[in-house]
Amino acid sequence: MCVPEKYNRVTSVRCAFTLAEVLITLGIIGIVAAMTLPALIQSNANRVVETRLAKFYSSINQAVMMAEVTYGDKKEWYQDKQKIVYDEEGNLVKGASEVEIWWNRYIAPNMRTVQVKYDKDGKPIFFFADGSGLMALQTDYMRDWIFFTGDPDRCVKKYGSLSNAYGKCAFVFLYYPLSTTNTDFIYHKGRGFEPYKFAWDGKSESLYSGVDKYSYTGCNIKASYYCAALIQSNGWKIPKDYPFRVSY
């Protein structure tokens, strides 16, 4: 709104917004922000998850190669057991589980671990400087691993359970470097830590649908073991048709 006013015999025009115009403008800004902010937040989450997945994959496999310099071929010092130790009163003995001893000897010297916590079953979770963490999935063997892109407790609570968090803030990896005639391990034998590809038939569409032999494998709303492999196959970038919204 513009109002004429006189000053030293000169008439000028003073313009100002009315309250209604200000409110309308603020409303428009709010609508635009409401429409764009979620997309910006998700885009940032995607970048963080992509970066942390790629960094973890590179760092842990470099650590494995460095351990081979000291201890020889990884097949010689690989182990597939995960005994958790409790004292006579049933309390967890921290630092005594086989996986933690193995980690501290072979991996930790070449991959900085900033903290170790324990889940409800006593399994150690190894934390890294960027806030991500790693945990052996099972309590009786340690070939399957879960990489958390952020705090594991927050990740699990957000989705209600660990299995529901797969493909979102928890990603399945497999470490099985042994030589084997079992073709289900073809993408893992002789290698380091790899995104879970157990029984994968090598077809890109199977990363989404899974394989008939194991229904839990594909990256979809019913299964999510192959999600890290799907992201890896796309150059560590989340595909546009990725079935989940990731977080960290």
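The values are calculated or read from the model by the stated rules, or taken from the named source; none is laboratory data. Note that the structure is predicted; figures quoted are calculated from it, not measured. Cβ: placed from backbone, ideal geometry, glycine included. Neighbour counts: every protein chain shown.
Restricting to the stretch 216-237, what's the tally of residues that are in a loop (DSSP other than H, G, I, E, B), touching a Phe, Trp or Tyr at 6+ places or on another chain (Cβ under 9 Å) and on the phi < 0 side of the Ramachandran plot?
Residues that pass the stated criteria total 10.
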Notebook entry, point to check: Are any of the residues in the stretch 193-212 over 22 Å from Lys123 (Cα atoms), touching a residue at least 24 places away in the same chain (Cβ under 8 Å) and exposed (fewer than 14 other Cβ atoms within 10 Å of the Cβ)?
Noted result: yes
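Can you tell me which of Thr36, Thr51 is at pLDDT 85 or above, within 30 Å of Asp130 (Cβ to Cβ) and either of a type in the set (Val, Ile, Thr) or loosely packed, with under 10 Cβ neighbours inside 10 Å (or both)?
On the way: Thr36 fails: at pLDDT 85 or above.
Testing whether each residue is at pLDDT 85 or above, within 30 Å of Asp130 (Cβ to Cβ) and either of a type in the set (Val, Ile, Thr) or loosely packed, with under 10 Cβ neighbours inside 10 Å (or both) leaves just Thr51.
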Notebook entry, point to check: So how many residues does the stretch 160-192 have that are in a helix (DSSP H, G or I) and crowded, with 18+ Cβ neighbours inside 10 Å?
Noted result: 2
Checklist line | Residue count, the stretch 99-130 (criterion: surrounded by 16 or more Cβ atoms within 10 Å (Cβ to Cβ) and within 20 Å of Ala67 (Cα to Cα)) | finding: 13
Margin query: Return the residues of the stretch 202-220 that are of a type in the set (S, T, N, Q) and either within 19 Å of His188 (Cα to Cα) or modelled with pLDDT of 95 or more (or both); say none if nothing qualifies.
Written below: Ser204, Ser206, Ser209, Thr217, Asn220
Next item on the list: Select the strands (runs of 3 or more DSSP E) contained entirely in the stretch 53-143, then report the ones holding at least 3 residues which are under 17 Å from the mean Cα position of the chain (by Cα).
Entry: 124-127, 133-136
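Looking only at the stretch 66-73, decide whether some residue is in contact (Cβ under 8 Å) with a residue 40 or more places away in the chain and closer than 15 Å to Phe173 by Cα.
Here is the first cut: in the stretch 66-73, the residues in contact (Cβ under 8 Å) with a residue 40 or more places away in the chain are 66-67.
Add one more test, that the residue is closer than 15 Å to Phe173 by Cα, and what stays is none.
No, there is no match, as no residue in the stretch 66-73 is in contact (Cβ under 8 Å) with a residue 40 or more places away in the chain and closer than 15 Å to Phe173 by Cα.
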Margin query: Just checking, does the stretch 54-65 include any residue being modelled with pLDDT under 95, surrounded by 11 or more Cβ atoms within 10 Å (Cβ to Cβ) and either of a type in the set (Lys, Arg) or within 18 Å of Met142 (Cβ to Cβ) (or both)?
Written below: no
Note to self: Against the conditions (1) buried (at least 16 other Cβ atoms within 10 Å of the Cβ); (2) modelled with pLDDT of 95 or more; (3) of a type outside the set (Ser, Thr, Tyr), where does Ala223 fall short? Just the number, please.
What the structure shows: (2)
